[in-house]
Each structure stands twice: as C-alpha cells, then as structure tokens.
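Below is one structure, written out as structure tokens; the observations come after it.
No value in this document is a laboratory result; all are computed from the given coordinates. Keep in mind it's a predicted model, so treat the numbers as computed, not measured. Reconstructed Cβ throughout: ideal geometry from the backbone, glycine too, with neighbour counts over all protein chains shown.
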Amino acid sequence: MKRKWVLAGMAILAVCALLAAGAKAQASGTPHAGPSAPAGEKKAEEQFKNIQVLKGVPAEQIFPTMQFITASLGVECDFCHVQGAFEKDEKKTKQTARKMMEMMFAINKDNFEGHRDVTCYSCHRGSAEPVGTPPVMTDEPKGAMGGPKKPEGETKEYSGPSPDQLLEKYLQAVGGAAAVDKVTSRVMTGAIEFSGKSLPIDIYSKDADKRISFTHMPEGDNVTAFNGHEGWLGAPGRPLREMHGSDLDGAAIDADLHLPTHLRNMFIDMRGRGTEKIDNREAYVVTGFREGKPPILLSFDEQSGLLVRLVRFGETALGQMPTQIDYADYRDAGGVKIPYRWTLARPGGRFTIQVSEVKENVPVDDAKFVKPAAPPEPPKPPAK
C-alpha cells in the first residue's frame, strides 16, 4: 500500500496521511500553542475524532503533521495508532506523543518567544528513541578538531549576482520569455524510479497551470492532478484524495508551464543566500519570500544559469516539512530548455522521473483535467 502512494504522491510523498485517509483520528492534551485555523476554515476537532493537543489547528494540517512525526521518529502510523480505529487511545506511545507535543510547545513558549525553534526532530533525528549520548568517532576527522565547523550542506557567504540578475539569466538560458510563453501544452513520456523499481509514466500539461500524471502499475494507474484550482491523488482501490494547503501550493508550482517567466511575481522579496555544490558544480542559492506562505529556496547553476534545485516547505502544527526537487538533463524541447530528469525528495522518501520523449503544443483534451466525481455512498440499511 505504501508503494502505491509513493507513486501517487509525485507532488506529495505522503507516509502517514495516505494510510490514515478516511480514518477519524489524531492526537494529543492541552490547548495548542501553534497556528490557529483562519476564520471560516474547518478546525481539526471539527473534522477528526479525539483531538486533544492540536485543537484549533487547521484540519488540513493534521495529516502533514502526522507525516512530520513519522519522518522525525522514523516510524509508521501504527507506532501510535490502532489501525482502522485511529481515534482510540489504547497505545501508550500515543499518550507519550501527546506529552511530547505539550513539552515542545512549552519549551518554545518559555524559551524562544513562541517561535517554533524546537521540534520533534531536534531530539529524535529519525529515531523513535532520542539519542542522549554523543556517538564515538568511527572515521578519521576530515578537518582540524576544536574549531567551529559549518553544518553539512550550509551555504557559503553570498557575493554573487543579484536575485533579479539570476532570474533573468535563468530565463535567457531556457530560451527567453517569448519562447516560454509560446508553450501551450506539453506531453511527456518516461519512467518513474523508486526503491530500485521503474514504471512507465505519462505527464500531460496545458494552459500554463494544468497538469496530470499517470503512473502505469499492474493493478491500475496512479494519478496526480492539478487543474488550476483543485488538486487530487488517485490510486487503484483507494478513494480519491483531495490536496489542500501546502500540497496544493506545491502542485501549482509543479504544474506551471511558464515558471521561468512567473517566478519573480511569486515573491514579495528575494535575497541571495550563498552558494552550494550540486553534482560537483557551484550554484547560487536565493531565498524567495512569499506573502502568507513559507519561503522557497532556488539554486541556479553558476555557469549555465539553469535552475538546478528548488526547495519548498509545507506547514504543519509541529514544524515545516521540506520538499527538494533537483532538476537535471536539460534539453531543448520546441525552442525551450526543460529538465528531462528530476528527483523529488522528502523526509519520507524520494523518486526520480526520467523523461524519454517530449511533445510541445499538441492537442490535450480538457477532459483529462476534470476531477472525477466522488462515488455515491452505499445505501444505509433499513432501520429495524
């Protein structure tokens, strides 16, 4: 089951959320100190049963919050929940999770002015049992001991071109605004690779903001779709799952056929962050700030100017969940350079899509982007 949903989640690598879909669940014991649902938006306790600590949190953040926990502790949903009865409190680990969330909220409130500086991952680092003892050294040190050391992956001090210059160079590198804006549709055929497996995939894009993919599996097609305002996931034998919040935001970015010309208008501010090495090549890193949404990190190849990495973040009640997309194998497709390979990674997993054929500006039926109707509910048995 998890294998199916890794494929269906081209935009979302859902771990716990998809296994929990349809269940009435989730967690925890005193009023939540994190983000509250905006007026008119459904709260967690209005949609799920037995919400205790996460009262007031937007309902759409509950599944991403559970994903954050599974990624932070390296566990699956049944570590805390009773399968098929997620609202039950029979497992001690669920009680412990509530206490840990309360502790985390209190630490941040009392020591960090309510900022979410401490999260589950701060202590657990992918282990169900937090490690309290520093590990012994197993390899020879690569540098002198005792001095300050930058964390792995930290960017160097920035002294490169301005963000606007980098965006302009990227736009010119892919072919220019006129060429990008001429694209009205794109059909891609290729393979999706994960866990040593490879399956065929077809991706259809149209009208700048519509995209749907079909991963062909023996039991049927897995579908990831965005039609400009709605997004959904489908898998054989599973009910349709609608996207919300950061999932929908990410799907909209992935679906944008004219992303190189739209990037600048996505941000209210952009700042150079530094440089980093991606595939042994230097890249300039820029942070783009958005109104009411988490920032996005963009990495542009120092020589070619092409976008080689995009990191976006999804909000949960406990912390932000990163999604990193690495773009590679740029080739010309109808006058525009596009990546023929991209790798999407989240804490819960990763997959790579390798495109073998691209067709530009070909007819694509609008019917492909119509969200399927929900199946009718089974009739209730007559009252006795």
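Things worth noting here:
- Restricting region 237-302 to trypsin sites (Lys or Arg not before Pro) that sit in a DSSP loop and have at most 10 other Cβ atoms within 10 Å of their own Cβ leaves nothing.
- Per residue, the convex hull around the alpha carbon atoms of region 163-363 comes to 133 Å³.
- Seen through its C-alpha gyration tensor, with square-root eigenvalues sorted a ≥ b ≥ c, region 79-134 comes out oblate because a/c lies at 1.5 or above while a/b is not bigger than b/c.
- Placed amide H near Leu306: partners under 5 Å, 5+ positions off or other chain: Asp301
- Chymotrypsin sites (Phe, Trp or Tyr not before Pro) restricted to DSSP loop in region 98-131 with at most 13 other C-beta within 10 Å: Phe112
- J(HN,Hα) series, region 355-361, from Karplus relation 6.51 cos²θ - 1.76 cosθ + 1.60, nearest Hz, glycine and proline x: 8, 10, 8, 10, 10, 9, 6
- Our note on the geometry: Cα centres of region 54-70 and region 303-327, 20 Å apart.
- From phi via Karplus (6.51, -1.76, 1.60), per-residue ³J(HN,Hα) for region 103-118 in Hz, x at Gly/Pro: 5, 4, 4, 5, 4, 5, 5, 7, 10, 10, 6, x, 5, 7, 7, 10
- Among His81, His124, sorting on how many other beta-carbon atoms sit within 10 Å of each Cβ, with the fewest leading, yields His124, His81.
- Among the listed pairs Lys94/Lys293; Lys42/Lys371; Lys91/Lys371; Lys92/Lys293, those with a Cα-Cα distance over 28 Å are Lys94/Lys293; Lys91/Lys371; Lys92/Lys293.
- Using the Karplus relation 6.51 cos²θ - 1.76 cosθ + 1.60 with θ = phi - 60°, the per-residue 3J(HN,Hα) values for region 307-313 come to 6, 10, 7, 10, 10, 10, 10 Hz, with x marking Gly and Pro.
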